[in-house]
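Student: Quick one: the structure is below, questions incoming.
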């Protein structure tokens, strides 16, 4: 895409240069190549200049639109850095409840939590950052901790995010209409300690 944009700007510059060539010089070149060719009126040169300038202006407009499209389609290093910092702050100290029937089940670091990390990074990307193109690849995990390599399309930097899940006790929920031990449902509560740094994991 960048090569095409550069080509369009160079072509536009050449069209402007062609529009600036004097009519007498063009007539002399033409006469040297084909002496018997009919004379070109001044109005023909005026039309040709206007056409060349219009084409050059159109090329410049298309080039700037291409730059805007390319910028909106990829992440910059600053955008990803800011987004990862914001996602880390948002996830650090967060908590969730487990299933009362599963007990102390291992965390789904490879599925649900990976998507949560990606969503948080995108959400903290800011107005100019794309709403796609973030990847949180799980590089290491146990039942209680996971490590992600975070990258984004267009960005030249990557980040390593470490997530530690801690079992923080249980929350008891009373089921309406039941009495005794059956009325209380215990759900495990988990908190997450999240940190990140630039570079590979």
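Where a number appears in this text, it was derived from the coordinates with a stated rule and is not lab data. From a predicted model like this one, the values you see are computed outputs, not experimental measurements. Every residue, glycine as well, gets a Cβ built from its backbone with ideal geometry; the counts of neighbours run over all protein chains shown.
Student: Taking every eigenvalue of the Cα gyration tensor of the chain, multiplying by 5 and rooting it, what semi-axes result, largest first, whole Å?
Tutor: For the chain, the semi-axes come out at 68, 17, 11 Å.
Student: Separate question: At a Förster distance of 41 Å, what's the computed FRET efficiency of residue 11 paired with residue 193, Cβ-Cβ distance as r, to 0.05?
Tutor: Calculated transfer efficiency: 0.15.
Student: Here's another thing I want to ask about it. Ranking 33, 14 by Cβ neighbours within 10 Å, fewest first, what do you get?
Tutor: Lowest count first: 33, 14.
Student: With a 10 Å Cβ neighbour count serving as the proxy for reagent exposure, in which order, fewest first, do 170, 113 appear?
Tutor: Ascending number of Cβ neighbours within 10 Å: 170, 113.
Student: Could you check the simple spin-label distance between residue 184 and residue 115, using points 7 Å along Cα→Cβ, in nm with one decimal?
Tutor: 3.4
Student: I'd like to compare 46-53, 18-25: which one has the highest average count of other Cβ atoms within 10 Å, and what's the full order after that?
Tutor: 46-53, 18-25
Student: How far apart, in nm, are two points set 7 Å out from the Cα along the Cα-to-Cβ line at residue 174 and at residue 99?
Tutor: About 2.7 nm separates the two model spin labels.
Student: Same structure, new question: What distance in nm separates the simple spin-label points at residue 23 and residue 47, each placed 7 Å from Cα in the Cβ direction?
Tutor: 1.3
Student: Let me ask something else about it. So what is the calculated 222 nm ellipticity per residue for the chain, using -39500 (n - 2.57) for each DSSP H run with n of 4 or more, over all residues, to the nearest 500 deg cm²/dmol?
Tutor: Calculated at 222 nm, the ellipticity per residue is -15000 deg cm²/dmol.
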